[in-house]
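First the structure, in the form of structure tokens, and then the observations on it.
The values are calculated or read from the model by the stated rules, or taken from the named source; none is laboratory data. Keep in mind it's a predicted model, so treat the numbers as computed, not measured. Positions of Cβ are generated from backbone atoms using ideal geometry, with glycine treated the same way; all protein chains shown enter the neighbour counts.
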Amino acid sequence: MDRPDHILSCENLVRRFGGFTAVDDVTLGVRKGTIHAVIGPNGAGKTTFFNLLTRFLPASEGRIRFDGHDITHLAADRVAGLGMVRSFQISAIFPTLTLLENVRVALQRQDGQSWDFWRSGKRLRRLNARALELLDRVGLADRAQDTAGQLPYGRKRSLEIATALALDPKLLLLDEPMAGMAAEEIQRIEDLIREIAQGCTILMVEHNLSVVASLADEITVLAQGSLLAQGSYAEVSSNPEVIRAYIGNEQGNAHV
């Protein structure tokens, strides 16, 4: 499955919890420079699958390759260091710090100094310019000195993305980035994801199918831990098996 145009691939990936198989023999590849979405009904195994890819969980079987490296047995922080970054890998946000300070902490981590809070103010201020650039990229530069805990939910997600971008990802993984957002916030994050995708590959789990239809170049559908379908939105949304998995319509006359 591993090909030169794939930044991430997995082969025959399995995860068991006792007698329960949460991810069952999944093989897929994510092409460089694309937005790839993983969808599926509740209980499909999407989050477990994400945790396997990012090495937050060990696989029971199978192989994972990222950017030419076999990462099947690497620790999660080593995987992040190679350039595969999840939006929450910076421990979400620090609510009592300013937005600028949050991004600066992430930049320290990129330099191998994440938790050196005792370093001089002068040394930390050297990171401010880059932190402001990242905040500007996600539309938050004008709130750089605000306390992160004061942000509305959608803007907190934007800040999380800014901290993830501070790690200079080759592949950015977003786990339900639109969850709990109002319509205007969803549009803002959609636009942000499109902008980010100009510079890195994105793999996302998302329940909002209108967002998936708008953003995704390719879609993988999981159901009961197994790979059900893969292709464009037009292809998977008209697939009778996908329709049955989502809404149980045995006649196959409805659409995802």
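Does residue 146 satisfy the condition of being of a type in the set (Asp, Glu) and modelled with pLDDT of 90 or more?
Against the criterion (of a type in the set (Asp, Glu) and modelled with pLDDT of 90 or more), residue 146 qualifies.
Could you list, in sequence order, all residues of region 53-63 that are out of contact with any Leu (no Cβ under 6 Å at 6 or more places or on another chain) and not in a loop (DSSP other than H, G, I, E, B)?
53, 61, 63
In region 165-175, is there at least one residue being part of a helix (DSSP H, G or I) and either under 27 Å from residue 45 (Cβ atoms) or modelled with pLDDT of 90 or more (or both)?
Among the residues of region 165-175, at least one is part of a helix (DSSP H, G or I) and either under 27 Å from residue 45 (Cβ atoms) or modelled with pLDDT of 90 or more (or both), which makes the answer yes.
Which residues, counting only those in region 188-217, are of a type in the set (A, V, I, L, M, F, W, C), surrounded by 20 or more Cβ atoms within 10 Å (Cβ to Cβ) and in a loop (DSSP other than H, G, I, E, B)?
Selection gives 216 alone.
Say whether the condition of being under 23 Å from residue 199 (Cβ atoms), in a loop (DSSP other than H, G, I, E, B), of a type outside the set (A, V, I, L, M, F, W, C) and without any contact (Cβ under 8 Å) to a residue 24 or more places away in the chain is met by at least one residue in region 64-71.
Checked against the condition, which is being under 23 Å from residue 199 (Cβ atoms), in a loop (DSSP other than H, G, I, E, B), of a type outside the set (A, V, I, L, M, F, W, C) and without any contact (Cβ under 8 Å) to a residue 24 or more places away in the chain, region 64-71 yields at least one hit.
Residue 241 fails exactly one of the following numbered conditions: (1) surrounded by 14 or more Cβ atoms within 10 Å (Cβ to Cβ); (2) among the acidic types (Asp, Glu); (3) farther than 25 Å from residue 108 by Cβ. What is the number of that condition?
Residue 241 satisfies every listed condition except (1).
Residues are listed down the side, and each one gets a yes or a no for (1) among the basic types (Lys, Arg); (2) modelled with pLDDT of 90 or more; (3) buried (at least 17 other Cβ atoms within 10 Å of the Cβ); (4) in contact with a Cys (Cβ under 9 Å, 6 or more places away or on another chain):
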| residue | (1), (2), (3), (4) |
| --- | --- |
| 114 | no, no, no, no |
| 117 | no, no, no, no |
| 127 | no, no, yes, no |
| 130 | yes, yes, no, no |
| 141 | no, yes, no, no |
| 154 | no, no, yes, no |
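Looking at the structure I just gave you, is residue 76 modelled with pLDDT under 95, of a type in the set (Gly, Ala, Ser), within 18 Å of the chain's Cα centre (by Cα) and assigned by TED's automatic domain parsing to the domain that holds residue 131?
For residue 76, the condition - modelled with pLDDT under 95, of a type in the set (Gly, Ala, Ser), within 18 Å of the chain's Cα centre (by Cα) and assigned by TED's automatic domain parsing to the domain that holds residue 131 - is not met.
What are the pairs with Cβ atoms under 7 angstrom where one residue, in region 178-195, is closer than 15 Å to residue 207 by Cα and the other, located anywhere, is loosely packed, with under 13 Cβ neighbours inside 10 Å? Sequence gap at least six, or different chains.
Between residues of region 178-195 that are closer than 15 Å to residue 207 by Cα and residues that are loosely packed, with under 13 Cβ neighbours inside 10 Å, the close pairs are 180/153; 181/153.
If a residue must be crowded, with 17+ Cβ neighbours inside 10 Å and at pLDDT below 90, how many such residues does region 82-93 contain?
Residues in region 82-93 being crowded, with 17+ Cβ neighbours inside 10 Å and at pLDDT below 90: 5 in total.
For region 218-240, which positions are part of a strand (DSSP E or B) and either closer than 17 Å to residue 33 by Cα or free of Cβ contacts under 8 Å to residues at least 40 places away in the same chain (or both)?
Those that are part of a strand (DSSP E or B) and either closer than 17 Å to residue 33 by Cα or free of Cβ contacts under 8 Å to residues at least 40 places away in the same chain (or both): 218, 219, 220, 229, 231.
Collect the residues in region 1-60 that are crowded, with 16+ Cβ neighbours inside 10 Å, of a type in the set (Asp, Glu) and closer than 17 Å to residue 228 by Cβ, keeping them in residue-number order.
24
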